[in-house]
Amino acid sequence: MLEIADTLELERPQDKLIRRLCATLSGYLDQSQIDDCIHAYEFGAAAHSGQFRKSGEAYICHPVSVAISLAEMRMDVNGIMAAILHDVIEDTPVTKKELTKQFSAEVAELVDGVTKLTQIDSKSHAETQAENVRKMFLAMAKDLRVIMVKLADRLHNMQTLGAMPAEAKRRIARETLDIYAPIANRLGMSNIRHKLEALSFETMYPRRHAVLKNAVRKARGNRRKIVDTIESSIKNRMEQAGLPCEVVGREKDIYSIYQKMLNKKISLDDVFDVYAFRIFCDNVDACYRILGAVHNLYKPIPGRFKDYIALPKANGYQSLHTILMGPYGVPIEIQIRTHEMHRMAESGIAAHWLYKSEDDKTEKFQARANEWLRDLLEIQKSAGDSLEFIDNLKVDLFPQEVFVFTPKGGIIKIPRGGTVIDFAYAVHTDIGNACVSARIDKQLVPLQTKLENGVTVEVITASWARPNPLWLNYVVTAKARSSIRNYLKHFKQKEAISLGRRLLEKELQTMHLHLENIDEERIQAVLKVTSMHSLDELLEDIGLGNKMPFLIAKRLTQDNVHGAIKLDDNVQSQKTPLIIKGTEGMVINLAKCCRPIPGDSIIGFFNPGKGIVVHHCECRNSTEVRKKPINWLDVEWSQDAVGDFPAELRIEILNQRGSLATIASTISELDSNIENVTVVDQDDRVSVDLITLTVKDRVHLAQIMRRLKELSVVIKITRVKA
Ligand code: MN
């Protein structure tokens, strides 16, 4: 059990804190749960032993203080344990696994969640991306208790900035204002929010803070009499009306006074020119009755009444607001709310579930949080304003997006399901176009890897790399999609121009001419006749198979460019063939019906809009088109055509266990890959399969077929050429 020194002199700060924590916990937890928390304390104290805060206190004082502020909000037992242990994974050798063993998976998960947020904190340097950091926080924390621990952690750190260098203090304060206070606000936890704002303001602008604090104190003295007068007349009136309630004079906090002066450009006097009160009662009905009574006491200022009970604010805030014209002509601001609404306004999301009946189980925690958020959405819908908040909320807590880091700590937002390729294009189009692989948290990964929240992505690029049409299957962002399409289109255009030039030159050569020898005038005349704007455009059209090179060559060479072209039946006979490598890219395609490979006799067809399709000479499709000489051209394989070319085999094998495996291993032994296998026919004895495999050329294919024929399971084997 807990060891506490007997004498007061020997009591250490941590002893005092743990005693205070236990006292607070005893207000809502049973003894066995408190014992669990003490166990967490002893474990944490041992893990942090030898570590000290800047103040000189033992480190464990910090997590216990964090736990105390959460206990004041009635955080459940696992949340309290996680708060006590929140820094052990980050700052001591203790692992998540060890926490699971010592405590529970739930506690370990919470501590791990806090650790991840802490790491984000130290990763993100860019101050301009506060909104993204906030979203990342909310998206990362699968359990809202993680956020609450983190907020309480930040609050205690702000309270104990003490001896830090001024520069560091200011940075932390700025971050608190940008990230943490808005999150607290988003979750309706105005209590924590105001504390964070006040501490940050004091840290960032100590002199302004001092001036305002002094002014507030002075004003309080001067106004005392008026405040008392108004307060007692309201109280009297409520008593007369038989409306039990509590009237409290309200002082605005210094940071919101500062903001008001800043935003509305008003002087300090104007800020203090308002007297503010809160009236608490037991139920909604009483709120409206009290409203009636105060309107009866002092005249309301028209247009200043707001009913946030019927139409709550976006973060769930409820109250009636009104402004009255008080004695001596001073305006009086009044907020009327139930005690429960007040608790809600102070603790927000925390109040909603932490204060619920005590037999509620922890497992329902998240469910209740979600319920709260759903309610919020409903409220929002019926209220019909600040739609932007709904969007943010959806992004934040029902995440449609993931947030990842660049190597320099910038944050990039990617839709859920997005891959490394989306990330690369989000960073820059040039990075996307040149990416070849990536490292996620220093591990090499393929480009189609889906991204998760909080990881750091480093894209690896290469000068030779270019987008692959297959990427379109892996991207989810419009930017990546359109950039890839765009690139491919331009790339295709470049290829088409170059192919068009080759084809036209080839035609001209048969007439012993070169494109460069042709008069510019004549070229212009042909462009006009063909309605083309430039030579490149004409060449592209030829390359894409839309214009026959033979016809263009004729027009360029015959005397009358407008004249009809006489079609010679044997125009093709004298021509030199077009030499291809088969790997040109997008405008020279190998037909899928016959799958020609180097060494095959081949023939090319113009395929309007797509370029040239190369078929095997024996392909059934080729005999048809061949009847029209103008549509085809002689093609030959280049001597140095290298690559993996798909070919198709029809193979009859014995239908028995392992026969396909034997074939597959034989094929791979011969340095070939199987791309696809389709069973076309099968009975008890025989199976007929179509196998698509990659080969270097005809010789390679012949070698493979010979070896396959030798296998006992193979009955018959033929190459498919149509
Ligand atoms: Mn901490």
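The values are calculated or read from the model by the stated rules, or taken from the named source; none is laboratory data. Quick caveat: nothing in here was measured; it's all calculated off a predicted structure. All Cβ positions, even for glycine, are placed from backbone atoms using ideal geometry, and neighbour counts span all protein chains on display. Remember, those area values only see protein heavy atoms, side chains included, never the ligands or the DNA or RNA. Shrake-Rupley method; radii C 1.70, N 1.55, O 1.52, S 1.80 Å.
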What number goes with the only condition from (1) surrounded by fewer than 17 Cβ atoms within 10 Å (Cβ to Cβ); (2) in contact (Cβ under 8 Å) with a residue 60 or more places away in the chain; (3) part of a helix (DSSP H, G or I) that His490 does not pass? (2)
Step by step: first the residues of the stretch 90-109, then only those that are crowded, with 20+ Cβ neighbours inside 10 Å and outside any helix (DSSP H, G or I), then the one that is nearest to the ligand (Cβ to nearest atom). Which residue is that? Val94
Please identify the pairs in which a residue from the stretch 59-72 that is of a type in the set (A, V, I, L, M, F, W, C) has its Cβ atom under 7 Å from the Cβ atom of a residue that is open to solvent by 20 Å² or more (accessible area, probe 1.4 Å) and within 9 Å of the ligand (Cβ to nearest atom), counting only partners at least 6 apart or on another chain. Val66/His156
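Quickly run through the stretch 73-84 and pick out the residues that are away from the ligand (no atom under 16 Å from the Cβ) and over 16 Å from Arg154 (Cβ atoms). Give the steps one after another, and end with the answer.
Let us first name the residues in the stretch 73-84 that are away from the ligand (no atom under 16 Å from the Cβ), namely 73-74, 76-78.
Of everything in the stretch 73-84, those that are away from the ligand (no atom under 16 Å from the Cβ) and over 16 Å from Arg154 (Cβ atoms) turn out to be Arg74, Asp76, Val77, Asn78.
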Can you tell me which residue is farthest from Asp143 (Cα to Cα) among those in the stretch 397-407 that are surrounded by fewer than 18 Cβ atoms within 10 Å (Cβ to Cβ) and modelled with pLDDT of 80 or more? Pro407
In the stretch 448-466, the residues that are modelled with pLDDT under 90, within 22 Å of Lys413 (Cβ to Cβ) and open to solvent by less than 40 Å² (accessible area, probe 1.4 Å): Asn453, Gly454, Val455, Thr456
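With Asp87, Asp112 as the choices, which residue is charged (D, E, K, R) and within 12 Å of the ligand (Cβ to nearest atom)?
After applying the criteria, what remains is Asp87.
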Would you check if there is a residue in the stretch 517-533 being open to solvent by 60 Å² or more (accessible area, probe 1.4 Å), within 24 Å of Asn589 (Cβ to Cβ) and in a helix (DSSP H, G or I)? no
Looking at Asn655, is it in contact with a His (Cβ under 7 Å, 6 or more places away or on another chain) and either outside the structural domain of Leu499 (by TED's automatic domain parsing) or open to solvent by 30 Å² or more (accessible area, probe 1.4 Å) (or both)? no
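Select from the stretch 227-257 the residues that are open to solvent by 70 Å² or more (accessible area, probe 1.4 Å) and among the charged types (D, E, K, R) and write down the one among them that is nearest to Lys213 (Cα to Cα). If you could, list the steps in order and put the result at the bottom.
First, pick out the residues of the stretch 227-257 that are open to solvent by 70 Å² or more (accessible area, probe 1.4 Å): 228, 235-236, 239-240, 244, 246, 251.
Checking which are among the charged types (D, E, K, R) leaves us with 228, 235, 239, 246, 251.
Values: Asp228: 21, Lys235: 29, Glu239: 35, Glu246: 27, Glu251: 12 Å.
Taking the candidates together, the pick is Glu251.
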If the requirement is being modelled with pLDDT of 85 or more, in contact with a Lys or Arg (Cβ under 9 Å, 6 or more places away or on another chain) and away from the ligand (no atom under 16 Å from the Cβ), which of these qualifies: Ala181, Ala163? Ala181
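Tell me yes or no: at least one residue of the stretch 606-613 is open to solvent by less than 60 Å² (accessible area, probe 1.4 Å), in contact (Cβ under 8 Å) with a residue 40 or more places away in the chain and either among the aromatic types (Phe, Trp, Tyr) or not assigned by TED's automatic domain parsing to the domain that holds Asn546 (or both).
yes
Pull up the stretch 34-55, narrow it to residues that are open to solvent by less than 50 Å² (accessible area, probe 1.4 Å) and more than 37 Å from the chain's Cα centre (by Cα), then point me to the one that is farthest from the ligand (Cβ to nearest atom).
Keep residues of the stretch 34-55 that are open to solvent by less than 50 Å² (accessible area, probe 1.4 Å), which gives 34, 37-38, 40-41, 43-45, 47-48, 53.
Now narrow it down to the ones that are more than 37 Å from the chain's Cα centre (by Cα): 34, 38, 45.
Working: Ile34: 22, Ile38: 20, Ala45: 15 Å.
My answer is Ile34.
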Counting only residues that are under 12 Å from Met158 (Cβ atoms) and small (Gly, Ala, Ser), the stretch 185-219 contains a total of 2
Which pairs turn up if I take residues in the stretch 44-55 that are under 15 Å from Leu85 (Cα atoms) and look for partners that are of a type in the set (Phe, Trp, Tyr) with beta carbon separation below 7 Å, at least 6 apart in sequence or on another chain? His48/Tyr59; Gln51/Tyr59
